[in-house]
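Pasting in a structure now, in structure tokens, and then I'll have a few things to ask.
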Amino acid sequence: MKVCGFTIVRNAVKYDYPVVQSIRSILPVCDEFIVLAGNSDDTTLDLIRSINSEKIRIIPSIWDDSLKEGGRVLAVETNKAMDLIPADIDWAFYLQADEVVHEKYLDSIRSSMQRMLDDKNVEGLLFSYTHFYGTYHYIGDSRKWYRNEIRVIRNDKSIRSYRDAQGFRKNGEKLKVKPIDASVYHYGWVKNPKTMQVKMQDFHRLWHDEEWIKQNFKSAELFDYSEVDSLDLFTGTHPEIMKDRIMKADWNIRLDISDKKFRLKDRLLHRFEKITGHRLFEYKNYRVI
């Protein structure tokens, strides 16, 4: 069995992505790793090269910033990276630059890939998600945060990145997947409030024109983390590879987890999910088999 990890990245230093931790977190289960490095305004290339692993292959890319409909440029770049995966690879392991896998899941991931290698009906492996928000102590627990997504797929070129690269589809159809005992830790919403504000303003440009941003984006020096509907405290452990980064965090935000900003319908759905563990009317970009 051969596994190739892959990711896309641009301006990782400017936006303070944990991309080094992301890549290193799954290197132990990858035979090689492709990094499609977009045209950056910072030292992203030097950051990736600092990992210093023979498994990593860095390929430069130029983003087409005119592809604003639904964040399409992210899927285009992801597909470029997928197309670079060699033919002898069995599984492709995708992580975005703000996603990290805890080392406690690596054995489960590898054994799941091995166990389902010959079952061609399985087109992808489904991971659960933990979304951190504001600091490393809070997690989003409302319906706005997706609970599961595909992160390991067959090395099948008919599988394509979907919409803004959150998931995948094959010939336009949802992939047939098996859930596995592994979670992705998503740190995209954990940054210094000043860095977060810059990132959000710039990322709106992947979806919208300047007039939309002017009309809809709140101009400020710092991102307002209090504008969130529901949070909970994180009671687990972070990946070992994240500990140094967490120790160096230079901001502190206190958020009130008892302050739930729900409409009545969302409040009832949230309460039902907390009691039963089931999410009613959940969007699923995959078919569990």
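Is it the case that some residue within the stretch 162-173 is modelled with pLDDT of 95 or more, surrounded by 13 or more Cβ atoms within 10 Å (Cβ to Cβ) and either over 30 Å from I289 (Cα atoms) or of a type in the set (A, V, I, L, M, F, W, C) (or both)?
Scanning the stretch 162-173 turns up at least one residue that is modelled with pLDDT of 95 or more, surrounded by 13 or more Cβ atoms within 10 Å (Cβ to Cβ) and either over 30 Å from I289 (Cα atoms) or of a type in the set (A, V, I, L, M, F, W, C) (or both).
Any idea how many residues of the stretch 210-259 are surrounded by 11 or more Cβ atoms within 10 Å (Cβ to Cβ) and over 21 Å from the mean Cα position of the chain (by Cα)?
So the answer is 12.
To continue, here is another question. In contact with a Pro (Cβ under 9 Å, 6 or more places away or on another chain) and not in a loop (DSSP other than H, G, I, E, B): is that true of S128 in this structure?
Yes; evaluated as a whole, the condition is true for this residue.
Quick check: anything in the stretch 78-98 touching a residue at least 24 places away in the same chain (Cβ under 8 Å), in a helix (DSSP H, G or I) and closer than 30 Å to E227 by Cβ? Break it down into steps so the answer makes sense when it comes.
If we filter the stretch 78-98 for residues that are touching a residue at least 24 places away in the same chain (Cβ under 8 Å), which is where we start, we get 78-98.
From the residues that got through so far, the ones that are in a helix (DSSP H, G or I) too are 78-83.
So of that shortlist, the ones also closer than 30 Å to E227 by Cβ come out as 78.
Scanning the stretch 78-98 turns up at least one residue that is touching a residue at least 24 places away in the same chain (Cβ under 8 Å), in a helix (DSSP H, G or I) and closer than 30 Å to E227 by Cβ.
All but one of (1) without any contact (Cβ under 8 Å) to a residue 60 or more places away in the chain; (2) at positive phi; (3) among the small types (G, A, S) hold for G70; state the number of the condition that does not hold.
(1)
I would also like to ask the following. Applying the selection to the stretch 237-255, what residues are part of a helix (DSSP H, G or I), closer than 14 Å to N192 by Cα and free of Cβ contacts under 8 Å to residues at least 40 places away in the same chain? Before the answer, list the steps.
So the first thing to find is which residues in the stretch 237-255 are part of a helix (DSSP H, G or I), and the list is 240-247.
Checking which are closer than 14 Å to N192 by Cα leaves us with 245-247.
Within the stretch 237-255, just M247 meets the criteria.
Scanning the stretch 28-50 for residues that are surrounded by fewer than 17 Cβ atoms within 10 Å (Cβ to Cβ) and in contact with a Lys or Arg (Cβ under 8 Å, 6 or more places away or on another chain), which turns out nearest to A165 (Cα to Cα)?
N39
Take the residues in the stretch 113-131 that are in contact (Cβ under 8 Å) with a residue 60 or more places away in the chain, surrounded by fewer than 22 Cβ atoms within 10 Å (Cβ to Cβ) and not aliphatic (A, V, I, L, M), then tell me which one is farthest from Q166 (Cα to Cα).
Within the stretch 113-131, the match that is farthest from Q166 (Cα to Cα) is Q114.
Can you name the residue in the stretch 164-203 that is of a type in the set (A, V, I, L, M) and under 15 Å from the mean Cα position of the chain (by Cα) and, of all such residues, is nearest to S112 (Cα to Cα)?
A182
Residue pairs, Cβ under 6 Å, 6 or more apart or interchain, first in the stretch 193-220 and closer than 23 Å to G134 by Cα, second modelled with pLDDT of 85 or more and aromatic (F, W, Y). List them.
P193/F223; M196/F223; Q197/F223; K199/Y15
Within the stretch 153-174, which residues are of a type in the set (K, R) and in a loop (DSSP other than H, G, I, E, B)?
Restricting attention to the stretch 153-174, the residues satisfying the condition of being of a type in the set (K, R) are 154, 157, 160, 163, 169-170, 174.
Listed by number, the residues that qualify are K157, R163.
Which members of the stretch 29-57 meet the condition of being part of a helix (DSSP H, G or I) and closer than 25 Å to K248 by Cα?
Scanning the stretch 29-57 gives T44, L45, D46, L47, I48, R49.
Considering the stretch 57-73 alone, what residues qualify as being of a type outside the set (D, E, K, R) and in contact with a Phe, Trp or Tyr (Cβ under 9 Å, 6 or more places away or on another chain)?
Answer for the stretch 57-73, where residues must be of a type outside the set (D, E, K, R) and in contact with a Phe, Trp or Tyr (Cβ under 9 Å, 6 or more places away or on another chain): G70, G71, V73.
State all residues of the stretch 58-75 that are in contact with a Leu (Cβ under 6 Å, 6 or more places away or on another chain) and assigned to a helix (DSSP H, G or I); if no residue qualifies, say none.
Those that are in contact with a Leu (Cβ under 6 Å, 6 or more places away or on another chain) and assigned to a helix (DSSP H, G or I): G71, V73.
Then there is this: Looking only at the stretch 133-146, which residues are in a loop (DSSP other than H, G, I, E, B) and either of a type in the set (F, W, Y) or farther than 17 Å from G236 by Cα (or both)?
Listed by number, the residues that qualify are S142, R143, K144, W145, Y146.
The values are calculated or read from the model by the stated rules, or taken from the named source; none is laboratory data. From a predicted model like this one, the values you see are computed outputs, not experimental measurements. Backbone-built Cβ (ideal geometry, glycine too); neighbour counts: all protein chains shown.
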